[in-house]
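Colleague: This is the structure I want to talk about, given as structure tokens.
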Amino acid sequence: MKIAIIVGTRPEIIKMSPIIRECESRGLDYFVLHTGQHYSYNLDKIFFNELQLPQPRYNLDVGSGSHAEQTGKMMVGIEKTLLQEHPDIVLVQGDTNSVLAGSIVAAKLHIGVGHVEAGLRSYDRRMPEEINRILADHCADLLFTPTENTKKILLNEGIREEKIFVTGNTIVDAVYHNIKVAKDSIDVLKVLDLEKNGYFLVTAHRQENVDSYERLHSIIKGLQLVHKKLSIPIIFPIHPRTKKQIVKFGLNTDGIRFVEPLGFLEFLQLESNSRLVITDSGGAQEETCILNVPCVTLRNNTERPETIEVGSNVLAGVNAEAILNAVEIMINKEKVWKNPFGDGNTGKNIVDIVIRKYMC
Ligand code: UD1
Ligand code: UDP
């Protein structure tokens, strides 16, 4: 049995790392194909280095571009590679253009598709990710879904029950493993001159937020309002997409401290020691829930409603006053919730299922 693992962006490398590690330690015949959707050192190679992952066998180097341009280039490269390697199953993770390209190509070559993090829905089709996840789920032969709730979503869309496996989310494995590694190897608070529980951590990069002048302006205004009212430092490791848009729109960002995107070990440490996280990231909503840190989400919907249900996260949207209100509510929140995304054995469970289904 041969497994192809496709990755393309920062969160896919992080969330596939427990599966790659599991394939490696069991001596399975597998290879990693990187589409090259992310390519800057601190969105890409830093994660292979920090997480001690083997280098991808293939890198398609597709780079940035419009959705069609980027996805099309990936499809051509993925098809060539799969025809050459003949894997039995292709594993994709999440909802990026790399996931869409990998699922469609593999399905049309009649190669098995395993979708890790299946069943998430924001019900907002203006998000490119929503289109990607729906299509990937409907191409998939094995759907590894994080919770009972996401399983129900898949069943309601007519996906057959025997294809769906509630496995938890591999982010729990990645957090549990790397928070220990981080503790022993780095002291990010010292490096950035911050105090435990003495700062707010921010990330924002969603296309619908940062490519719109009104929404990005309003988010920045909200952060400035929070800083002014609460006098707590705001630290913002900035995604290149967001940096480009702030420059393009000429926004005033006084009161916000930007740093370059961080490695996973540094980011996890920063997250776990922060007073609260303000974000539009999917992964950060999950990680804060796992790390017992309150989260304010800069969106009007989420495909991670479990975080809202357990009380770790609230949706603030992007209105400046609403952001301040949500922060004031969440900083006083008792941190007593239970992580709904699994016990940290998701990678192992997924590889067990793949072996059971494909190893003859
Ligand atoms: C992509 C995913 C998004 C995911 C995010 C993770 C899609 C549609 N979007 O969004 O779901 O949450 O990755 O971070 O697949 N850039 C660089 N260096 C890089 C990569 C990008 O500078 O290594 C800049 C380029 O200016 C590029 C922009 O960031 O145009 C956006 O990159 P892209 O991969 O298209 O989308 P993301 O916003 O990163
Ligand atoms: N992350 C990181 N460094 C940073 C910001 C985020 O390592 O400077 C990690 C974070 O811990 C999470 C993942 O990147 O695991 C989330 O990626 P992103 O927010 O880009 O994408 P999304 O999860 O929204 O798809």
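The values are calculated or read from the model by the stated rules, or taken from the named source; none is laboratory data. It should be emphasised that the depicted structure is a prediction, and the values quoted were computed from it without experimental measurement. For neighbour counting, all protein chains shown are included, and Cβ atoms are generated from backbone atoms with ideal geometry for every residue, glycine included. SASA here: full protein model, heavy atoms, side chains in, ligands and nucleic acids out. Shrake-Rupley method; radii C 1.70, N 1.55, O 1.52, S 1.80 Å.
Colleague: Please report, to one decimal in angstroms, the Kirkwood hydrodynamic radius of region 177-264 built from all distinct Cα-Cα pairs.
Modeller: In region 177-264 this quantity evaluates to 14.2 Å.
Colleague: Using only Cα atoms, locate the centre of region 294-360 and the centre of region 10-67, then give the distance between them in Å, rounded to an integer.
Modeller: 24
Colleague: Also, I was wondering about something else. If I build a Gaussian network model for the chain, linking alpha-carbon pairs within less than 10 angstrom, which residue out of K348, K228, K15 has the largest mean-square fluctuation?
Modeller: K228
Colleague: Only Cα pairs under 8 Å and at least 6 apart count here; give the relative contact order of region 178-244 as a rounded whole percent.
Modeller: On the way: 39 pairs, mean separation 27.8, N = 67.
Across region 178-244, relative contact order equals 42 percent.
Colleague: Rounded to the nearest percent, how much of the accessible area of region 42-152 (1.4 Å probe, protein heavy atoms only) is carbon and sulfur?
Modeller: Whole-percent figure for carbon plus sulfur exposure: 52.
Colleague: Also, quick follow-up: Add +1 for every Lys or Arg and -1 for every Asp or Glu among the other residues with Cβ under 14 Å from the Cβ of E162, and state the total.
Modeller: +3
Colleague: For the ranges 182-191, 231-240, what's the packing order if you count other beta-carbon atoms within 10 Å of each residue, average per peptide, and put the highest first? Kindly include the intermediate steps, with their values, before the conclusion.
Modeller: Values: 182-191: 13.7, 231-240: 17.4.
My ranking of the peptides, most packed first, is 231-240, 182-191.
Colleague: Also, I was wondering about something else. Per residue, what accessible area does the chain have, given a 1.4 Å probe and all protein chains present, in Å²?
Modeller: With all protein chains present, the chain gives 41 Å² per residue.
Colleague: When the accessible area of region 216-360 is computed with all protein chains present and a 1.4 Å probe, what percentage of it is carbon and sulfur?
Modeller: Carbon with sulfur: 51 percent of the solvent-accessible area.
Colleague: Take the Cβ-Cβ distance between V76 and H110 as r, set R0 to 22 Å, and report the resulting FRET efficiency rounded to the nearest 0.05.
Modeller: So, using R0 = 22 Å, E works out to roughly 0.75.
Colleague: Tell me, in nm to one decimal, what length is gained between K335 and E321 on full extension, where the rule is 0.36 nm per residue of separation less the Cα-Cα distance?
Modeller: 2.7 nm
Colleague: Using 0.36 nm per residue of separation minus the Cα-Cα distance, give me the extension gain between N197 and N292 in nm, one decimal.
Modeller: Difference between extended and current length: 33.0 nm.
Colleague: Another question, then. I need the Debye-formula profile for region 114-160: one equal scatterer per C-alpha, no solvent, reported as log10 I(q)/I(0) at q = 0.20, 0.26 1/Å, two decimals.
Modeller: Each listed q maps to, in turn, -0.57, -0.96.
Colleague: Divide by every residue of the chain the summed helix terms, -39500 (n - 2.57) for each DSSP H run of at least 4, and state the resulting mean residue ellipticity at 222 nm, rounded to the nearest 500 deg cm²/dmol. Please report the intermediate quantities before stating the final value.
Modeller: Working: 16 runs with 177 residues, N = 360.
Calculated at 222 nm, the ellipticity per residue is -15000 deg cm²/dmol.
Colleague: I want to check the label-to-label distance for I308 and F258. Put each point 7 Å from Cα in the C-beta direction and report it in nm to one decimal.
Modeller: 3.1
Colleague: Which one, R304, R26, R215, has the greatest fluctuation when you compute a Gaussian network model over the chain with C-alpha springs under 10 angstrom?
Modeller: Its mean-square fluctuation being the largest, the pick is R26.
Colleague: For the pair R356/S66, report the inter-label distance in nm, with labels modelled 7 Å from Cα in the Cβ direction.
Modeller: Simple spin-label model gives 4.5 nm for this pair.
Colleague: Still on this structure: Please tell me which of these pairs span more than 32 angstrom C-alpha to C-alpha: K80/K163; K45/K229; K221/K348; K163/K333; K151/K196; K108/K338?
Modeller: Violating the 32 Å limit, Cα to Cα: K45/K229; K221/K348; K163/K333; K151/K196; K108/K338.
Colleague: Moving to a separate point now. Rounded, prolate or oblate: pick one for region 62-118, where a ≥ b ≥ c are the square roots of the eigenvalues of its C-alpha gyration tensor, a/c under 1.5 means rounded, and failing that, prolate if a/b is larger than b/c, else oblate.
Modeller: Oblate, since a/c reaches 1.5 and b/c is not below a/b.
Colleague: Tell me the label-point distance for the pair I131, N156, using the 7 Å Cα-to-Cβ offset, in nm and rounded to one decimal.
Modeller: Label at I131, label at N156, 2.3 nm between them.
Colleague: Tell me the net charge near R299. Cut-off is 9 Å between Cβ atoms, R299 excluded, with +1 for each Lys or Arg and -1 for each Asp or Glu.
Modeller: Net local charge, R299 excluded: -2.
Colleague: Sticking with this structure for a sec: Excluding N149 itself, calculate the net charge of residues whose Cβ lies under 11 Å from the Cβ of N149, where each Lys or Arg counts +1 and each Asp or Glu counts -1.
Modeller: 0
Colleague: May I pose another question? Have a look at S274, S98, S25 and tell me which one the Gaussian network model of the chain (Cα, springs below 10 Å) gives the largest fluctuation.
Modeller: S25
Colleague: Shifting gears a bit: Can you tell me the equivalent ellipsoid semi-axes for the chain? Use √(5λ) from the Cα gyration tensor, largest first, whole Å.
Modeller: Largest first, the chain gives 33, 21, 20 Å.
Colleague: Shape verdict for region 73-167, please, from the Cα gyration tensor: rounded (a/c under 1.5), prolate (a/b greater than b/c) or oblate.
Modeller: oblate
Colleague: While we're on this one: Would you please classify the overall shape of region 266-360 from the alpha carbon gyration tensor, given that a ≥ b ≥ c denote the square roots of the eigenvalues, rounded means a/c under 1.5, and beyond that prolate means a/b larger than b/c while oblate covers the rest?
Modeller: Verdict is prolate for region 266-360.
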